[in-house]
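J.: I am attaching a structure below and will ask some questions about it afterwards.
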Amino acid sequence: MKIHEYQAKQLLKGHGIPIQDGETVSAPGEAEAAVAQVEKSFGATQFVIKAQVHAGGRGKGGGVKFCPDRQSALDNIGKILGMTLVTPQTGPEGRLVRKVMVAQALDIAKEFYAAITLDRSKAMDLFMVSSEGGMEIEEVARRSPEKIVKEWIVPGFGLRSFQARNLAAAMGLEGAAATQAVAMFRKLYAFYRAYDCSIVEINPLVLTGQGELLALDAKINFDDNGLYLHPEVEAMRDLDEEDPSEVEAGKYHLNYIKLDGNVGCMVNGAGLAMATMDIIKQYGGAPANFLDVGGGANVETVKNGFRIILSDPNVKAVLINIFGGIVRCDRIANGIIEAVKELELNVPVVVRLAGTNADVAKELLANSGVAIISADSFEDAATKVVEAARGKG
Amino acid sequence: MAILVNKDSRIIVQGITGSEGSFHAAQCLEYGGNVVGGVTPGKGGQTALDGKVPVFDSCVEARRETGANVSLIFVPPPFAADAIMEAAAAGIELVVCITEGIPVAQMVEVKAFVEKVGSRFIGPNCPGVLTPGEAKVGIMPGFIAKKGAVGVISKSGTLTYEAVDQLVQQGLGQSTCIGIGGDPIIGTTMKELLAMFEADPATEAVVLIGEIGGSMEIEAAQYAKEHVTKPVIGFIAGQTAPPGRRMGHAGAIVSGTDESAAAKKRLMAECGIIVVESPAEIGRTVKLALSK
């Protein structure tokens, strides 16, 4: 799960990690008061206005503005709040900006990068820093990988002081700034572990002209499996930032991701679902979605799956590919028949059922009287659904 | 011969009194495996599976009383990490965890613990292990498989069944099928299992089914290049998955170019793996490889 910058900063601040603080505005009427509060709390005379969306590259799309005075801050809040922000990570459709953060503009002496994530191949968390902050870290990694310095955390031992010192030294920090960095990094890792984060990224981490080290921005992602342990984090979920059909699917415990093709698919199991998307592409079609109905597929899941797939107007045909293991294919077949009858589907549906009771299921489908195109194998199904989507089915 | 489990494996089921645990424990018993007991803290002294097996309070007790050397875990996510460590600490040689949804941070610690104690761990979030005709330790539909000489290692559940089904249609049986799970942290990697299949005289070829995300397939391929003489047939699901999106499995995150399906397939082919382009061609490709 992702959260906004302002939420991430609230959490970090609560754990004693210095941040660039500010106020959030979600309606134009709140702008004056928010700016006044930032003036009062931080003695600010210059401001930064930042769009709060779940996408990176906000500056490039015009979602982050420096404002030399109060009036400019108010003008920019007006411009950014309600705009459709297009960044390299939002896709061409962009994101509606529903909230902005007003912060004090700081005197920045130096920018760094700091991040914590899991190194899967080592099965250890990894703390990375770079003296090249404020820019795209992928670019730094490509161009000059030696500028990213890493420390791995031995499970159960946390980030040790010597590791934090190594990181601070690699950033070129000395004296009081290094002391601040050591304390901050250890708190940051403790936060990452305590909150079941999957990413904590501070880019940039800045040293101000006054010698203060703080997080100018913060990106935090959480491991969905760990959310049950942190209801206060779960409460920060912003459904406005998620695809409505994906949110709807989540209510029925369906795993759905919308794509831009025209062949809808409903499959049990994530691996088989991805393989089904792949084979559709190989046979000349384009998948409209990823949909894993999970292990307990029944009449209700099939019905809900159909509803969600067909809420996408691009869908011209649907492929159902179920490999029945514990799930019996005859039950799935009954679910399909009932759903097709009830929902009065107007797109062709190709069904391939294999595994437990597949023969019984095929007979049920054949005798049902509903218009279903039956397929015998994986490739037969792909061929038939791609043809059907082209209108030849 | 086979790997990991066989007809002599003595299996206990942790979480045997829950609905998932009791259903699948019964299926494992029906398949012919030696399910010798179950563990549910606080329910020691009861019996499970219609009185067929005893329930113990702890893994230590279960192992002492039954001589169990394999544990199959169906404990819910909040208690699963502890259950895995309990089994390993009790000296159970092979621990297989089916549970889906264990926090990744806990798995990082579990993996370190299990390695320290010296058990072999498969999963979590996986369909388990099946040695056809001998023992099933997990939730795979046993009837689709057939005894034979192809080893199967897979990150996925139903895609494994699909591959096994295609093999059987080509007249090819399996030595052992292992679903390793698709989570970011798993107990046993593809590389380790590839080494076991290479050493297993009953295995003549290995099918490796991977997904986008992570670098496990690449590590296995590099190992195969140096150490594996048997043909390895590989498939990677997720060519059409959009970068940066999570596709059900946490494992399926494309976080860098080297973790994309195309990059993985290219690197695997460079290491001498026979890479299958279409998921419908897995069975036929193995048949062809074995006929050479």
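J.: Shielding by partners for B:182-189, please: the mean number of other protein chain Cβ atoms within 10 Å of each residue's Cβ.
T.: For peptide B:182-189, the averaged partner shielding equals 3.
J.: Add +1 for every Lys or Arg and -1 for every Asp or Glu among the other residues with Cβ under 13 Å from the Cβ of residue B:70, and state the total. Don't jump to the answer; show the numbers that get you there.
T.: Values: positive: B:7, B:10, B:63, B:120, B:136; negative: B:8, B:93, B:134.
Taking every Cβ under 13 Å from that of residue B:70, the sum is +2.
J.: Return one number: the angle in degrees, 0 to 90 and rounded to the nearest 10, between the long axis of the Cα atoms of helix A:270-282 and the longest principal axis of the Cα atoms of chain A.
T.: 70 degrees
J.: Can you tell me the Rg and Dmax of the protein assembly as shown, counting just the alpha carbons, in angstroms?
T.: Every Cα atom of the protein assembly as shown included, Rg and Dmax give 26.9, 81 Å.
J.: List the trypsin sites (Lys or Arg not before Pro) within segment B:1-108 that DSSP assigns to loop and that have no more than 14 neighbouring Cβ atoms inside 10 Å.
T.: For trypsin sites (Lys or Arg not before Pro) across segment B:1-108 that sit outside H, G, I, E and B with at most 14 neighbouring Cβ atoms in 10 Å, the list reads B:7, B:52.
J.: While we're here: Given the options A:102, A:340, A:353, identify the residue whose Cα lies farthest towards the positive end of the charge dipole of the protein assembly as shown (+1 on Cβ of Lys, Arg; -1 on Cβ of Asp, Glu).
T.: A:353
J.: Also, I was wondering about something else. If all Cα-Cα distances of chain B are sorted into 10 Å bins from 0 onward, what percent lands in each bin, rounded to whole numbers?
T.: Here the calculated profile for chain B is 7, 30, 35, 21, 6, 0.
J.: Under the definition of partner shielding as Cβ atoms of other protein chains within 10 Å of a residue Cβ, what is the mean value for peptide B:165-176? Write out the running numbers ahead of the final one.
T.: On the way: counts 6, 3, 0, 0, 1, 0, 0, 0, 0, 0, 0, 0.
The shielding value for this peptide is 1.
J.: Turning to a different aspect of this structure: If I histogram all Cα-Cα distances within segment B:121-207 using bins 5 Å wide from 0, what percent of pairs lands in each bin?
T.: Per 5 Å bin, starting at 0, the Cα pair percentages come out as 3, 16, 29, 27, 19, 5, 1.
J.: May I ask which of B:111/B:265; A:99/A:251; B:191/B:230; A:2/A:99 have a Cα-Cα span longer than 18 Å here? Working shown, then result.
T.: Numbers: B:111/B:265 28 Å; A:99/A:251 26 Å; B:191/B:230 14 Å; A:2/A:99 15 Å.
Distance filter (> 18 Å) returns B:111/B:265; A:99/A:251.
J.: Okay, next question. Among A:121, A:131, A:377, which one shows the highest mean-square fluctuation when chain A is modelled as a Gaussian network with alpha-carbon springs under 10 Å?
T.: Residue with maximal mean-square fluctuation among A:121, A:131, A:377: A:121.
J.: Of A:195, A:283, A:228, which has the most accessible area with a 1.4 Å probe, and how do the rest follow in descending order? Could you put the intermediate results ahead of the total?
T.: On the way: A:195 30, A:283 80, A:228 100 Å².
Descending order: A:228, A:283, A:195.
J.: Can you spot the aspartates and glutamates whose alpha carbon is less than 16 Å from residue A:13's alpha carbon? Ignore those fewer than 8 places along the same chain.
T.: Of all the aspartates and glutamates, those that pass the test against residue A:13 - Cα under 16 Å, at least 8 places apart if same chain - are A:5, A:21, A:23, A:201, A:212, A:217, A:232.
J.: May I pose another question? For segment B:40-100, what's the relative contact order in percent, using C-alpha pairs closer than 8 Å and at least 6 residues apart?
T.: Computed over segment B:40-100, the figure is 28 percent.
J.: Just by accessible area at a 1.4 angstrom probe, what is the order of A:137, A:280, A:108 from largest to smallest? Walk me through the numbers before you get to the answer.
T.: Numbers: A:137 25, A:280 0, A:108 65 Å².
Accessible-area ranking of A:137, A:280, A:108, largest first: A:108, A:137, A:280.
J.: Next question. Can you give the relative contact order of segment B:55-133 as a percent, counting alpha carbon pairs under 8 Å and 6+ residues apart?
T.: The value is 29 percent.
J.: How shielded is B:140-146 by partner chains, expressed as the average number of their Cβ atoms within 10 Å of its Cβ atoms? Provide the component values of the computation, followed by the final result.
T.: On the way: counts 2, 7, 1, 3, 6, 0, 0.
Across the residues of B:140-146, the mean count of other-chain Cβ atoms within 10 Å is 3.
J.: Ok, one more. According to the square roots a ≥ b ≥ c of the eigenvalues of the Cα gyration tensor, what is the shape class of segment A:260-393, taking rounded for a/c under 1.5, prolate for a/b larger than b/c otherwise, and oblate for the remainder?
T.: Rounded shape, in that the Cα axes give a/c under 1.5.
J.: Further question on the same structure: Putting +1 on Lys and Arg Cβ atoms and -1 on Asp and Glu Cβ atoms, find which of A:283, A:371, A:157 reaches farthest to the positive end of the dipole of the protein assembly as shown.
T.: A:283
J.: As a test of the definition: with a 1.4 Å probe, what buried accessible area, both sides summed, do you compute for A against B, in Å² to the nearest 100?
T.: About 3700 Å² of accessible surface is lost on pairing.
J.: In the protein assembly as shown, if the dipole is taken from +1 on Lys/Arg beta carbons and -1 on Asp/Glu beta carbons about the Cα centre, which of B:31, A:178, B:79 is farthest to the positive end?
T.: B:31
J.: Let me ask something additional. With every protein chain kept in the model, how would you rank A:193, A:70, A:142 by accessible area, 1.4 Å probe, largest at the top? Each step should come with its number before you reach the end.
T.: Numbers: A:193 60, A:70 85, A:142 165 Å².
Highest to lowest solvent-accessible surface, that is A:142, A:70, A:193.
J.: So which residue, out of A:143, A:186, A:160, gets the largest mean-square fluctuation from a GNM of chain A using Cα contacts under 10 Å as springs?
T.: A:143
J.: With the convex hull built on the Cα atoms of chain A, state its orientation-averaged projected area in nm².
T.: Result: a mean projected hull area of 22.4 nm².
J.: Heavy-atom accessible area per residue, segment A:265-312, 1.4 Å probe: how many Å²?
T.: On a per-residue basis, 24 Å².
The values are calculated or read from the model by the stated rules, or taken from the named source; none is laboratory data. None of these values were measured; they are calculated from a predicted model. Heads up, the Cβs are rebuilt from the backbone with ideal geometry, glycines too, and the neighbour counts pull from every protein chain shown. In case anyone asks, the SASA skips ligands and DNA or RNA and just uses the protein heavy atoms, side chains included. Shrake-Rupley method; radii C 1.70, N 1.55, O 1.52, S 1.80 Å.
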